[in-house]
Structures are given as C-alpha cells and as structure tokens.
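A quick write-up on the structure given underneath.
The values are calculated or read from the model by the stated rules, or taken from the named source; none is laboratory data. From a predicted model like this one, the values you see are computed outputs, not experimental measurements. Please note: Cβ atoms are built from the backbone with ideal geometry, for glycine as well, and neighbour counts cover all protein chains shown. Just so you know, the surface numbers come from the protein's heavy atoms only, side chains and all, with ligands and any DNA or RNA stripped out. Shrake-Rupley method; radii C 1.70, N 1.55, O 1.52, S 1.80 Å.
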Amino acid sequence: NGVGALPAAVFGEPFRRDIVHDCVKWQRNNRRQIHRASKRRGDVRGSTRKLYKQKGTGRARVGSARAPIRRGGGKAHGPTRRDFATSFNRRQRKMALRVVLSQKLREGRLTVVPSLNVEPRTRVVAAALRKRDMASALFVDDVIEEGLRRAVANAPRVDALPQIGANVY
C-alpha cells in the first residue's frame, strides 16, 4: 500500500526463516559487550617466592603470596576475556533485509510513501499516523532531517533511521 509498483527484486523474495534467524543472531551477538577478564594468580603483580620455610615455624605451610586464598592474590576461577562478535556474509545480510521487507509487504505492515515532506512537528506526525490508522512507525530515508528526527523522538512508538541504519532486527 502507499506508492504504486515496487521492484520485485527487492519486495518479491520468498520468506527464508534460516537467513533471518542467522542475521538476527549476528546483530544481537555484535551488540554484546566484550567481557573483561579478572587476574589469575599468574597475572597478579608480585613475587611468587615461598613466604617462609616449609617446616619448623609451627605455622601452616604456605607458598606464594599471590595464591587465590590470600589477600591481594589472584582470582581462582574468574571470568575470562570473551568477544561475542561473529561474522555474516554481506550478500546474506542484504538478502535478509530483502526477505524481511518482502514479508512485511505481504502482511500489509509496510507502507511506502514518495516523500517525507511533512511539517517537522510531533503533532503533525502523530496526526498523519492516526489518519493512516498506524499505532507505530519507522521512517527510513536517505538522510533524516533534524526537525523530523526531533519530531518523531517525542512521539511514542515512532522512530526515524537513515537508509544505512535499516536492519532486520
């Protein structure tokens, strides 16, 4: 709905659950932060010499001052550095976006308009969405003007993205 004929190369893809799943997994993995590692007994600064002799002191036997049981010692089983980033082929990324756009068009959840020439006011954007009976919207354009970006920022369940930011998830 909206504008007339849309290119079948973009909006005619059959639904591929596997491609969409891989793309969402890739996007979510790449959003995760890198875990920071704790220092183990070999990483902690300080000497590893034996604190005192093994026998003859009457005290318990000890080894390194950097052992996990001692104050200032390393962590016994702490977290290790972990990067969750994965790779995903560019052609598959593009195909996933085409598949999702095609599916949304088939479900009637995609509206294409020729231009976003509306007054950059939240009230005007909300009225236009109510007129089209839309509860939520995502505006995608080559460049999002500052006025429109600020107008949709105040509207609930409405967002604006530049074309480069359009994604599956």
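The table for this structure:
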item: Dipole of segment 57-169, positive direction: furthest Cα of 148, 67, 135, with charges on the beta-carbon; result: 67
item: Chain lengthening between residue 45 and residue 33 when straightened (0.36 nm per residue, less Cα-Cα); result: 1.6 nm
item: Trypsin sites (Lys or Arg not before Pro) restricted to DSSP loop in segment 99-169 with at most 16 other C-beta within 10 Å; result: 109, 121, 132, 157
item: Carbon/sulfur fraction of accessible area - the chain, other protein chains in place, 1.4 Å, %; result: 49
item: Interchain or long-range residues, amide H under 5 Å from residue 137's placed H; result: 158, 159
item: Ellipsoid equivalent to segment 46-130 - semi-axes via the Cα gyration tensor, in Å; result: 69, 20, 11
item: Per residue accessible area of the chain, 1.4 Å probe, in Å²; result: 78
item: For the chain: span of alpha carbons on each principal axis (Å, largest first); result: 93, 37, 24
item: Relative contact order (%) - criterion: Cα under 8 Å, at least six apart; region: segment 7-166; result: 23
item: Mean shadow area of segment 1-51, taken as a quarter of the surface of its Cα convex hull (nm²); result: 7.7
